[in-house]
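The values are calculated or read from the model by the stated rules, or taken from the named source; none is laboratory data. Nothing here was measured: the structure is a model prediction, and the numbers come from that model. A quick note on method: Cβ atoms are made from the backbone with ideal geometry, for glycine too, and the neighbour counts reach across all protein chains shown.
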Protein chains: 2
Amino acid sequence: MNKLEIQEIENALEQYLPQEKDLRKNLFESMEYSLMAGGKRIRPQLVLEFCRVCGGDAAKAMPFACAVEMIHSYSLIHDDLPCMDDDDLRRGKPTNHKVYGEAIALLAGDALLTLAFETMLSPASIAAVGADRAARAAGELAKAAGAHGMVGGQIIDLESEDKQVSLEVLEKMDEGKTGALILASCRMGCILAGAGEEQLRAADVYARSIGLAFQIVDDLLDVTGDAALLGKNTGMDSERGKSTYVSLLGVEKARETVERLTQTAVDALSVFGDSAKELEEFAVALARRDH
Amino acid sequence: MNKLEIQEIENALEQYLPQEKDLRKNLFESMEYSLMAGGKRIRPQLVLEFCRVCGGDAAKAMPFACAVEMIHSYSLIHDDLPCMDDDDLRRGKPTNHKVYGEAIALLAGDALLTLAFETMLSPASIAAVGADRAARAAGELAKAAGAHGMVGGQIIDLESEDKQVSLEVLEKMDEGKTGALILASCRMGCILAGAGEEQLRAADVYARSIGLAFQIVDDLLDVTGDAALLGKNTGMDSERGKSTYVSLLGVEKARETVERLTQTAVDALSVFGDSAKELEEFAVALARRDH
């Protein structure tokens, strides 16, 4: 959870990317363009940190940490495509398809999703953590990324476009869209360290709490942060006219919920003892972030 | 390699699909629409058959057989999208995006690719074959499906659109686009049965030979089969004006090559003894097919 660790994650991501300069060069560059475009690297940090607090060797969890980031990255490329959100910019840079065209962007997303599994299930990764833990961790990520997890959340988002939805639907959507990968990250860290059921249960509570808090803070920032200056201060996502936590709960109740969820996340860490200090600070920092 | 086995594969595929009738219903239906749209089921048959000839229990290989078909199916959905081949029909039926729209077709492809790994790495699949074989077989498929395999072949296809290419480039493209999954299918069957290096080497030769023969037969059918009636009788893929095995080798040489490759495939099977009779017939049938 520090700059040094983020640099290590960046180095590892770079190393797992295909590098040949042949006829596939544009595909490989397009994959690198999105995967190495920065970002907070929250998910890989969670994998490494949960591995550590469960007594595991975080270095051996690195391929799995990078795999989650590859899946996150592919989902952003596909989300930005014209048939989805049709976004021109991502983190201040042109989106993948704006640079490489739609066909390559589509394939780069497919290739990053596949590379996640190739990276986790390489002979070296399997040898490092053992086949049992490798298969179980990779299975966890597959479940989280697919139709019952992230892609499932994306379809709920799509189907409720321009609609007011209930708090229940909003939560189910976010549980898939962002919650599932955060949950998988925490669980994978535990699994790779050989953690027991009690530790996994604590990781579940922590992950679900910070995952939901993260979304509510996003909505709050749209209302109270810089975005408010751009006219997004109605508590509705102005782009789509759909419900947000702020429109459904109100600013005050939304803030209280973030506080409560953060406390729940911190309390859950008690089973890990003092070693979980960084995870505690991480939960608090996520709740207090201003961008 | 018979109707009964194909029915078993169809049943298993159906069973692995998500079924809930909730907000994600359209996604799930879209996945089913393409995955259950028929097809020869060549790849899953190869997984099961190689498992069998190596002395393994084919029933336990079923999740892995289905996973290859899921990846094949996702690749067809994405290939048909407007930003790729922009096809309206697939196997005589409207393509996925024509029925469900581009966004859902994109997500259905992503979800099927992910479901392949979820299916191979479920607790039940891991328990059936052991974590060692499950992780290795899933890793084999990931490598074959990604940037160095199938997606790599798709990008070579894209980059050489409307160009005449050399035989070397054509082979490299097909090695990725179709060869990689065929190779992975044969290897996975061996791996799941705990086969040794000699058997894997034989599977490699068989797979590479039938994979290339399959492509050449495709090109021959475009010239000599029904397609000829539609004006595709120049030995060039009329849609794209690109090179084919027939345009590069001529009909006679192309036919000889198919014969030679089929013989190589059949010869490679000798290490498996009499049990490989079905794989032999399969190679011959692929070479002699008329559609």
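When segment A:32-56 is limited to residues that are part of a loop (DSSP other than H, G, I, E, B) and without any contact (Cβ under 8 Å) to a residue 60 or more places away in the chain, the one that is nearest to the other protein chains (Cβ to nearest Cβ) turns out to be A:Met36. A search for C-beta distances below 7 Å between a residue of segment A:153-164 that is among the basic types (Lys, Arg) and any residue that is at pLDDT below 95, counting only pairs 6+ apart in sequence or on different chains, returns A:Lys163/A:Lys242.
Residues B:Glu69, B:Glu20, B:Glu29: which one is surrounded by fewer than 18 Cβ atoms within 10 Å (Cβ to Cβ), outside any loop (DSSP other than H, G, I, E, B) and of a type in the set (D, E, K, R)? Result of the check over B:Glu69, B:Glu20, B:Glu29: B:Glu29.
Are any of the residues in segment A:113-131 over 22 Å from B:Ala144 (Cβ atoms) and either in contact with a strand residue (DSSP E or B) (Cβ under 6 Å, 6 or more places away or on another chain) or acidic (Asp, Glu) (or both)? Checking segment A:113-131: not a single residue is over 22 Å from B:Ala144 (Cβ atoms) and either in contact with a strand residue (DSSP E or B) (Cβ under 6 Å, 6 or more places away or on another chain) or acidic (Asp, Glu) (or both).
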